[in-house]
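The values are calculated or read from the model by the stated rules, or taken from the named source; none is laboratory data. The structure presented is a predicted model; accordingly, all values stated were derived computationally and were not measured. Cβ coordinates were reconstructed from backbone atoms using ideal geometry, including for glycine residues, and neighbour counts include every protein chain displayed.
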Amino acid sequence: MFEKLNQLPVSLKVKLLIAIGLSTAVMIALICTAFLWNEKTTFQTVLERQNQVLGGIIAENVAVFLEFDTPDEAKKLLSTLKVEASVMAAAVYRPDHKLFASYQRKDSDKKILPARPPEKSVWNANTGVLELSLPIMLEKKQIGRVYLQSDSENFRDKLMASTSFAVVLALGGLLMILVLGYFIMDFLVSRPLKKSAQVIDAMAQGDFSQVLEIHSKDEVGLIAASINQTIVGIKQATGQDKLDWQRIAEQKQREEEQKRKDAEQRQRDEERRVKDAEQRKRDEEQRIKDAEQRKRDEEQRIKDAEQRKKEKAQMQRDLEQSEALASASGVFSSLSQKLSQNADLTTEQATQVSVTFQQMNSELYTIASSMEEMRASIQEINRHVVGVNQMGGKAVAETRVTNQVVSELGEKSQSIGQVIQFISSIAEQTKLLALNAAIEAARAGEFGKGFGVVASEIKSLAKETSESANSISGEIFAIQEDVNKVVGAIESITQMIQQINDLQSMIAAAIEEQAATTQTIDTNVQHAVVGSQSILKSTDKLVEISRVTSQGAQTLNDSAAELAEMANYLQEQNQAEREFSIL
């Protein structure tokens, strides 16, 4: 990059300004990036803390609604979150992860709520959405989860405003640095260098009367001092302020011509010396070739002697191998005979096993016929089950009396419903007051401790709820008298059911015994059939393998005979070669 910058057809001042501008821009970009990252992290932290507070408040207040199964009240509680612009959706889930109550902002997607709340908070950096999940605890037991989903739209607007301010501030600072750098470079670098270039141009024209008036202590000052010293040295060497460059050039040309002629003469002398050296080199190479030829002839004689020695050793090894081959052929012949005998014995035993398992299959068919008799016994048991059904009809008649008594018990429960309605109205007020107190406390922060009045009101409503519970206990006492009537009817039903149970016990015992017997026989028959079929197949394969083994043993015996003949032939050949070599 710096080399391309150096090749630009602009002044040094502009190049330096470009370098300074690029460096400053990179530094400003890094600072802005760090600033924006810090702002983004701060916004995310604030949003997470705010959602933690809201989620904690909702979890504390919605526990009562979950306990009494009032999802409408939970929805009213969640609907108060519309005052929080950042909350997109909220939901309360049961312990089995089913939705209990939910709230969604009007501009949010209807499918925004998950089927199952996450186990921990999740921050989506791409969409800027925070998903918060907190447990709902009641008496140190988790009875559900609160789910909050918030977006960072407001935070993004603040972040964009901070970004715009940072970019404008950075561009203004960069412009000021470039303007200030332009004037500094012009005064400290550009002007001194232009003066130095003018003096050097005058020196090229032969004028050494000019001197640079630059006294700075930097690199530009050093260049100016070097130029002044060069001018003084030339003046001292020539004794003139101006030189005749034409005469000096002609003198230099004559000297160059003489140097060229001397160089040509030296080159011709060098060529003659090279030719003489090449001739001596060719003579030396010829002598070396003659010596190498004599050396190759001697090596060939040595190789012929070694070859004859190797041939004798090879004949000795061939003789030893032929003897070993003859010995191995005898061993192979013995092994093949033993293998053939074992194969015949295996074939005979496999045939006996096959006959035995054929007899076993006939016995399995006999067992299958006994299973038919077991099925007939099970049909007899089914007839007993019909009698059990008739006894069940009598039990139904008795249950009708029980139903009449239960209807009277339902009339008594109507008065309980009125009391429960009164308790519900009190609970309604209690929940609303608790909700208002919680929301005001969350907004007030540390100043929310002063809501003691709201807390005392909640206590008075709780007292009224206790009095209503006492009136409920009186109604329950009246219901207990009706329950005694139900008990008498149930006792008669119990006697009928006891008779049914006795009969069912007999039937169940018989069915269980027959089912176990049938299952055992069926399982054993199936296993026996499968096992016998597998064994029959295995014996067939064993017979086939024995036949193949016998054939292989015969082939091995034939190969051993051929191997013995080959060993004898090799021994005869080695003996003939040995006699020939001796001759």
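Limited to region 114-137, what total is found for residues that are at pLDDT below 85 and either exposed (fewer than 15 other Cβ atoms within 10 Å of the Cβ) or touching a Ser or Thr at 6+ places or on another chain (Cβ under 6 Å) (or both)? Final tally of qualifying residues: 15.
Quick one: in region 17-73, which of the residues that are surrounded by fewer than 18 Cβ atoms within 10 Å (Cβ to Cβ) and of a type in the set (Phe, Trp, Tyr) is farthest from ILE143 (Cα to Cα)? Applying the filter and picking the extreme gives PHE35. Does ASP96 count as at positive phi and either buried (at least 22 other Cβ atoms within 10 Å of the Cβ) or modelled with pLDDT of 85 or more (or both)? So ASP96 fails the test. If GLN104 satisfies all but one of (1) closer than 30 Å to LEU54 by Cβ; (2) modelled with pLDDT under 75; (3) not hydrophobic (A, V, I, L, M, F, W, C), what's the number of the condition it fails? Checking GLN104 against (1) closer than 30 Å to LEU54 by Cβ; (2) modelled with pLDDT under 75; (3) not hydrophobic (A, V, I, L, M, F, W, C), the one that fails is (2). ARG308: free of Cβ contacts under 8 Å to residues at least 60 places away in the same chain and farther than 30 Å from GLU572 by Cβ, yes or no? No, not satisfied.
State all residues of region 217-274 that are of a type in the set (Lys, Arg) and either surrounded by 10 or more Cβ atoms within 10 Å (Cβ to Cβ) or at pLDDT 75 or above (or both); if no residue qualifies, say none. Passing the criteria: LYS235, LYS242, LYS252, ARG254, LYS259, ARG260, LYS261, ARG266, ARG268, ARG272, ARG273.
Taken together, the residues in region 168-190 that are free of Cβ contacts under 8 Å to residues at least 12 places away in the same chain and either surrounded by 14 or more Cβ atoms within 10 Å (Cβ to Cβ) or of a type in the set (A, V, I, L, M, F, W, C) (or both) amount to 10.
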